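Here is the structure we will look at.
The values are calculated or read from the model by the stated rules, or taken from the named source; none is laboratory data. These numbers were taken from a predicted model, which means no experiment stands behind them. Backbone-built Cβ (ideal geometry, glycine too); neighbour counts: all protein chains shown. Keep in mind that these areas ignore ligands, DNA and RNA; they rest on the heavy atoms of the full protein, side chains included. Shrake-Rupley method; radii C 1.70, N 1.55, O 1.52, S 1.80 Å.
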Amino acid sequence: MEEALGSPRAEGAAPEVAMATEPVAVESAAPSLVDRYFTRWYKADVKGKPCEDHCILQHSNRICVITLAESHPVLQSGKTIKSISYQISTNCSRLENKVSGKFKRGAQFLTELAPLCKIYCSDGEEYTISSCVRGRLMEVNENILHKPSILQEKPSTEGYIAVVLPKFEESKSITEGLLTQKQYEEVVVKRSNATTATS
């Protein structure tokens, strides 16, 4: 997600996505690389599971980076990730996704509900992360397999889950079922108020 991503690519070509490091807090509140080049979209309560929210960072060249939303249980204090697996079933591993050539042959096709990986926490909880957008799987982030903590420390940059390329003709419509940042913040506030009211 570096400045090299700033130029839109021709149809059929997908950029190599290099994830930028988390921005260092500076005196002036300069927007981060993520905020400058990506639009944040959210899917709340994925598959009906409360608070299991995902964030989709959509670049102007239509590529989507799937990450965890700030409110996801995995990112709450006290959670420790034991392991992460891209093996989503006996016969399907996202690690076996081999993309080649200009037309990205061999890329696995994903629906909105397609699982990308499973996160296992030390408290016994298990979370399945879904694509949330239709498209071809360009890459998964193998770094989080070796160092799961970066998923919690830098969820929207180095700790991303996967990169998905929607079909050109669907690049506008894939966000129809997603929330804008403002709508997502309203959902989080409502949840917080509901929790306060019942406690």
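Contour minus end-to-end for residue 197 and residue 76, with contour as 0.36 nm per residue of separation and end-to-end as the Cα-Cα distance?
Stretched fully, the residue 197-residue 76 segment lengthens by 41.5 nm.
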Legend entry - Pairwise centroid distance, computed over Cα atoms, of the stretch 130-196 with the stretch 76-126, Å: 13
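Whole number in Å², please: accessible area per residue of the stretch 43-151, 1.4 Å probe, ligands, DNA and RNA not counted.
Here the per-residue accessible area is 46 Å².
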Legend entry - Those GluC sites (Glu not before Pro) in the stretch 43-137 that DSSP places in a loop and that have at most 16 other beta carbons within 10 Å: 70, 112, 125
Legend entry - From the C-alpha gyration tensor of the stretch 39-152, square roots of 5λ in Å: 23, 17, 13
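Just in the stretch 104-194: which trypsin sites (Lys or Arg not before Pro) are loop by DSSP and have at most 16 other Cβ atoms within 10 Å?
104, 167, 172
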